[in-house]
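Reviewing the structure listed below.
The values are calculated or read from the model by the stated rules, or taken from the named source; none is laboratory data. Given the structure is predicted, the values throughout are model-derived calculations rather than measurements. Here the Cβ positions follow ideal geometry from the backbone for every residue, glycine too, while neighbour counts run over all protein chains shown. For the accessible areas, the whole protein counts, side chains as well, though only heavy atoms, and no ligand, DNA or RNA atoms are used. Shrake-Rupley method; radii C 1.70, N 1.55, O 1.52, S 1.80 Å.
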Amino acid sequence: MLSPRQAQFAFVPLVVTLMSGVMSFAMIALQRGFGPGLLQAWLRGWPVAFAVALPAAWVILPGVRALLARVTKACSQAAESTGRLGRMG
């Protein structure tokens, strides 16, 4: 079992592993088609995609979290100031 802190650290590499695998497969399949050599090309491309995606995720995530925190705070403050949650317009 992982502690919540360990799970938080494991989340990004796990998501990056899955997403880089799916995206690299999709891109190679679109470029080459579903023919001979697809699996070999994908297995060569996946480590490259992972090597690019993991550091990018570690650099980009703090900024995305800060942006979402700011937007979430702004939205909740706006909703509180109107006094009517759920009303549109």
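Name every residue in segment 11-26 that is under 14 Å from Pro47 (Cβ atoms), of a type in the set (A, V, I, L, M, F, W, C) and more than 10 Å from the chain's Cα centre (by Cα), in order of residue number.
Across segment 11-26, the qualifying residues are Met23, Phe25.
Among residues belonging to segment 34-64 that are over 28 Å from Gln8 (Cα atoms) and among the aromatic types (Phe, Trp, Tyr), point out the one that is surrounded by the fewest Cβ atoms within 10 Å (Cβ to Cβ). Give the steps one after another, and end with the answer.
First, pick out the residues of segment 34-64 that are over 28 Å from Gln8 (Cα atoms): 34-42, 44.
Adding the requirement that they be among the aromatic types (Phe, Trp, Tyr) leaves 34, 42.
Details: Phe34: 7, Trp42: 18.
Out of the qualifying residues, it is Phe34.
Within segment 19-33, which residues are modelled with pLDDT of 95 or more, exposed (fewer than 14 other Cβ atoms within 10 Å of the Cβ) and over 15 Å from Val52 (Cβ atoms)?
Hits for segment 19-33 are Ala26, Leu30.
Taking the criterion of being touching a helix residue (DSSP H, G or I) at 6+ places or on another chain (Cβ under 8 Å), free of Cβ contacts under 8 Å to residues at least 60 places away in the same chain, open to solvent by 100 Å² or more (accessible area, probe 1.4 Å) and outside any helix (DSSP H, G or I), would at least one residue in segment 2-12 satisfy it?
Yes: segment 2-12 contains one or more residues that are touching a helix residue (DSSP H, G or I) at 6+ places or on another chain (Cβ under 8 Å), free of Cβ contacts under 8 Å to residues at least 60 places away in the same chain, open to solvent by 100 Å² or more (accessible area, probe 1.4 Å) and outside any helix (DSSP H, G or I).
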